[in-house]
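See below for the structure under consideration.
The values are calculated or read from the model by the stated rules, or taken from the named source; none is laboratory data. Keep in mind it's a predicted model, so treat the numbers as computed, not measured. Quick reminder, even Gly has a Cβ in these numbers, built from the backbone with ideal geometry, and neighbours come from all protein chains shown. Please note that ligands, DNA and RNA were not included when accessible areas were found on the heavy atoms of the full protein model with its side chains. Shrake-Rupley method; radii C 1.70, N 1.55, O 1.52, S 1.80 Å.
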Amino acid sequence: MRFPLSWLREYVDVELTPDQLAERLTLLGMEVQRVERWGEDWRNVVVGELLTVAPHPRADRLSLTTVTTGSGEPLSIVCGATNIAAGQRVPVALPGAILPGDRRIDRTEKMGVVSNGMLCSGDELRLTADGEGILILPPDAPLGRPLAELYGDVILDVDVKPNRGDALSLIGLAREVAAATGATVRWPPLEPEEGGDPIDRLLTVEVKDPDLAPRFVGRRVSGVRVGPAPDRVQMRLLAAGMRPVSNVVDATNYVMLELGKPIHAFDAAGIARAKDGRAGIIVRRAKKGERLETLDHVERTLDPDTLLIADAKGPLAMAGIMGGASSEVGESTTDVVIESAIFDPVTIRRTGQRYGLRSEASLRFEKGQEFAMARVGADRTARLIHEWAGGTVARGRVDTNPSEPPDRVVAFRPARVNRLLGTELAIDEQRSVLARVGVRTEAAAPGEVVTVALDPKPIRIEVAPDEALSALIPSWRRDIAIEADIAEEVARVRGYERIDGILPHTPMPPFRPNPVEARNAVREALVGAGLTEVVTPALVSPRHVETFVLRKPVRSVGGEPQPGGDPIGVTNPLSRDRSVLRRNLLGSLADVVATNLRHGASSIAVFEVGKGYAQRGRQPAEWWRLGFAATGAAETPAWNRPARPFDLDDAKALVELVARRLRIEGLRWSAETDESILHPGRSARVDGGERLAGIVGELHPDVLEAWDLRAERVLVGELAIEGLGGGQLPEVKTIAPDRFPAVERDLAVVLSDDRPAAAVVDVIRKHGGELLRGVALFDVYRGAPLRPDEKSLAHRLTFQAGDRTLTEADVDAATSAIARGLERDLGARLRG
């Protein structure tokens, strides 16, 4: 929010420089994002006095003026405004002047007469909204004085935090300045001068849903004259970032900025009257199918959850959001009804989101309003309308809930405050600091309860009276609710910078295991293999969830929830493309590949560690997964080899790389033919017992086409790995080197082409006996002299005994047993 410093000084004495004030407010938690010098773009603009005003000899709509700036020869200036007269003091842009928007003023000729500068309107200087006439300055404005010295200002752009709605006002900021400097806050005069009929004869208010509108205060001003607000008011509103409209509307905006209370003014002629002549306002929910033309002249169909200000004929305004065109204050308005209400913050926030309408008023309503401000805001607005637009303020006010609640009590323990802050502040010093922000303190009553937390479940502790104090929270501080809030307030007002840094009192443990050690090991292994890590949104489009479906999802390991169930949709999505939580990572990785292909990349290898989500009934579940995708060249061309594209073996190799890094042994592979998103015959499942499970394969050509994946093949994989969500690597266990040497023997087996390689390994291990220590497949051969339906698998067998050196006969016997087992179990034969 933008705060003009000159306006702020009306409510509190400020002796600090603008930069010092900005620093102090920032330390208080009111971050000043920018200090702007208002008027620094008025260069060479001074105060002048009109000596003569005469018609231009060659143009009916122009005037010839002579102007003095207090020194030197009078200047001849041609002007097209009609509101000027001799003796007035006006802003003069001298030749060479620069106006806002980098507009340069030079000596020019207009209809044969030389003009030495320009007389400026308020709009040209961005001081007022009047662009038709010249800005007329007070008669005592000193001649020749730079305009920036008279009307320049300093604007503080303050970032008010969401929990401090009370600070979205000049009075709120004045309280913060007073807390920092010890000054006293001055309130503006509130009570209007009343006359005429009592309000009860002119206005009635009926609130049909008090929970949504706890208080409604109405006032009426009759006989107003709508026109421009005083120049000083327009200047302040513009400096604060608001567009002046008229004296009546500007009064409501002025009070909103001054007190933080949004106000709305209705043209009384637009409110239906009862038979007794009284205007009748009804606060209610919208009826189904009702329509309202709002002030932006858009006709809107109203939702039944929308809170309205209405009359007997229909809606007048969206409560807390925007008024209606039928009761808009305009030039013909003579009688005004003032609405100053308290609305439910959640209702206002939801209504603003539903219709896409946000305003300065709704921003303040959403953060909650001080109950007493309904009365104060109505009185102050009525007073300003009377001062700026004339008219008579009706005696009294309509108030649907005049009883104001007492101050809330929050008990706290001074010793606990010191414990939280790491300070040793005396009790009297804590009370004094709190008093600077309007928080009074008194001795706690017997049986006082200290509230430690409210969310997710209230935690309250009963303490002895001598341990605690009761803090009486002023009505404008809705953010102070628990003991920790009191501690925060003490630290904030006394100064965070005055709290010495200390080490924790509790001894730290000598060692804490890294909770994501296993995940980091996976990431390091894949990055080392040349893959790039990506992070994609968990929210995807329904098309993702419908396309990338695994009929048999990868089972979870390590005690995580098993996948499966219905997709989880977002209640209020920002867009359809981000409306559903994904169930696996495959669609997200396909998006990354497609994007990179469209941008000209030819070889892509990426991975992601993320979650899948689903729900069974109303119970949601999530699980960690590792996903990867690759396309293009696994090996780039070189002088001694052509390029080699990624294939299924590369995908399997990545899985085995991760397994080795995590010390997972005994992986078992099996062909996968049932998943429709994967290419049949080019996909496989892996089973690593209770530590790893997954699926790898090529995306089906139909998926490539539907997803605009411009590649011949795209390899993908998804793995469930123990410890991926949080866990450490297994301990490394070392064993003494074997005393006796190992013997290696190669064995080539010919068998049917449809037999999986894993089945051969299983049979070898089954019949190898206790001397077999290792089996490794190192070659696959198809071709002559083998039949077309045969293949040859060559394995390297490792034999070793722990108590002796093996002889040739030992190895031959073990090899023969393996050969007989392969022939009997698989119908295989040894290749000669």
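What Kirkwood radius, in Å to one decimal, follows from the Cα pairs of the range 609-667?
Values: mean 1/r = 0.0681 Å⁻¹.
After inverting the pairwise mean of 1/r, the radius is 14.7 Å.
Specify whether the C-alpha gyration tensor of the range 323-372 places it in the rounded, prolate or oblate class, a ≥ b ≥ c being the square roots of the eigenvalues: rounded for a/c under 1.5, otherwise prolate if a/b is larger than b/c and oblate if not.
Numbers: a/c = 3.10, a/b = 1.56, b/c = 1.98.
Verdict is oblate for the range 323-372.
Please compute, for the alpha-carbon atoms of the range 276-354, the extent along each of the three principal axes and give them in descending order in Å.
34, 25, 21
Which net charge results for the neighbourhood of residue 234, defined as the other residues with beta-carbon distances under 14 angstrom from its beta-carbon, given Lys and Arg at +1 and Asp and Glu at -1?
Details: positive: 126, 232, 236, 243; negative: 123, 124, 130, 132, 153, 231, 250.
Result for the neighbourhood of residue 234: -3.
I need the peptides 479-491, 346-358 ranked by packing, meaning the mean over residues of other C-beta atoms within 10 angstrom, with the highest value on top.
On the way: 479-491: 20.6, 346-358: 17.1.
Highest-to-lowest ranking by the protection proxy: 479-491, 346-358.
If you fit an axis through the alpha-carbon atoms of helix 586-598 and take the longest principal axis of the Cα set of the chain, what angle between them do you get, 0 to 90°, nearest 10?
80
Dimensions of the range 1-135 along principal axes (Cα, Å, largest first)?
63, 29, 27
For a protection proxy built on the mean count of beta-carbon atoms within 10 angstrom, sort 758-766, 771-779 highest first, please. Display every interim value, and only then the final one.
Numbers: 758-766: 16.9, 771-779: 14.6.
With the highest mean Cβ count within 10 Å placed first, the list reads 758-766, 771-779.
On alpha carbon coordinates alone, what is the Rg over Rh value for the range 383-539, Rh being the Kirkwood radius? Before the final figure, lay out the partial values.
Values: Rg = 25.8 Å, Rh = 20.9 Å.
Rg/Rh: 1.24.
Relative to the longest principal axis of the C-alpha atoms of the chain, give the angle of the C-alpha long axis of helix 517-528, reported between 0 and 90° and rounded to the nearest 10°.
The answer is roughly 80 degrees.
Per residue and in cubic angstrom, what volume does the convex hull of the Cα atoms of the range 708-779 have?
Details: hull volume 16.4 nm³, N = 72.
Taking the convex hull of the Cα positions in the range 708-779, it is 227 Å³ per residue.
Roughly speaking, to the nearest percent, how much of the chain's 1.4 Å accessible area is carbon and sulfur?
Numbers: 20160 of 41060 Å².
The nonpolar share, carbon plus sulfur, comes to 49 percent.
Quick check: convex hull over the Cα atoms of the range 566-690, volume per residue in Å³, rounded to an integer?
Values: hull volume 20.3 nm³, N = 125.
It comes to 163 Å³ per residue, whole-number rounded.
Could you work out the pair-distance distribution P(r) of the range 434-474 from its alpha-carbon pairs, with 5 angstrom bin width and percents rounded to whole numbers?
Over the range 434-474, the share of Cα pairs per 5 Å bin runs 6, 23, 21, 22, 20, 8, 0 percent.
Please work out the average accessible area per residue across the range 734-832, using the 1.4 Å probe convention, and give it in Å².
Working: 5920 Å² over 99 residues.
Here the per-residue accessible area is 60 Å².
Return the whole-Å distance between the Cα centroid of the range 12-59 and the Cα centroid of the range 268-320.
That distance is 42 Å.
Rounded to the nearest whole Å², what accessible area per residue is found for the range 561-645 with the 1.4 Å probe? Could the numbers behind the result be given before it?
Values: 4470 Å² over 85 residues.
Ligands and nucleic acids excluded, the result is 53 Å² per residue.
Just to check, using Stokes-Einstein with a Kirkwood Rh over alpha carbon pairs, what's the diffusion coefficient of the chain at 4 °C and 1.567 mPa s in µm²/s? Present the calculation step by step, with values, prior to reporting the outcome.
Numbers: Rh = 35.0 Å.
Rounded to a whole number, D works out at 37 µm²/s.
Taking only the alpha-carbon atoms of the range 125-196, what semi-axes of the equivalent ellipsoid follow from 5 times the gyration tensor eigenvalues under a square root, in whole Å, largest first? Please report the intermediate quantities before stating the final value.
On the way: eigenvalues 196, 89, 49 Å².
In descending order, the three semi-axes are 31, 21, 16 Å.
How large is the translational diffusion coefficient of the range 270-411 in µm² per second when you combine the Kirkwood radius over alpha carbon pairs with Stokes-Einstein at 37 °C and 0.692 mPa s?
Details: Rh = 16.6 Å.
This corresponds to a translational diffusion coefficient of 197 µm²/s.
Counting just the Cα atoms, what span does the range 54-199 cover along each of its three principal axes? Round to the nearest Å and put the largest first.
Reported extents, whole Å, longest axis first: 62, 45, 29.
What fraction of the Cα pairs in the range 381-463, stated in percent, has a spacing above 21 angstrom?
Numbers: 1935 of 3403 pairs.
Counting every Cα pair in the range 381-463, those more than 21 Å apart make up 57 percent.
Give me the compactness ratio for the range 236-307, meaning the Cα radius of gyration over 2.2 N^0.38 Å. Before the final figure, lay out the partial values.
On the way: Rg = 15.6 Å, N = 72, 2.2 N^0.38 = 11.2 Å.
Normalised Cα radius of gyration, the range 236-307: 1.40.
Taking every pair of distinct Cα atoms and averaging 1/r, then inverting, what Kirkwood hydrodynamic radius in Å comes out for the range 218-259?
10.7
For a bin width of 5 Å, list the pair-distance distribution of the range 132-265 built from all Cα-Cα distances, rounded to whole %.
2, 7, 12, 15, 17, 16, 14, 9, 5, 2, 1, 0, 0
Which value, in Å³ per residue, describes the convex hull spanned by the Cα atoms of the range 201-347? Each step should come with its number before you reach the end.
Working: hull volume 17.1 nm³, N = 147.
Normalising the Cα hull of the range 201-347 by residue number yields 116 Å³.
With every protein chain present, what is the per residue accessible area of the range 96-185 (1.4 Å probe, Å²)?
Values: 3820 Å² over 90 residues.
Result: 42 Å² per residue.
Can you list residues from other chains, or at least 5 along the same chain, whose modelled amide H is less than 5 Å from the amide H of residue 558?
Hits under the 5 Å cutoff: none.
How are the alpha carbon pair distances in the range 537-597 distributed across 5 Å bins from zero to the largest one, expressed in percent?
4, 17, 25, 23, 18, 10, 4, 0
Give me the accessible area of residue 506, 1.4 Å probe, in Å² rounded to the nearest 10.
The value for residue 506 is about 90 Å².
Residue by residue through the range 331-343, what is 3J(HN,Hα) from phi via Karplus (6.51 cos²θ - 1.76 cosθ + 1.60, θ = phi - 60°)? Round to whole Hz and write x for glycine and proline.
5, 8, 5, 10, 10, 10, 9, 9, 10, 9, 10, 10, 10
Could you tell me the ratio Rg/Rh of the range 517-634? Both radii from Cα atoms, Rh via Kirkwood.
Details: Rg = 15.1 Å, Rh = 15.3 Å.
Radius of gyration over Kirkwood radius for the range 517-634 works out to 0.98.
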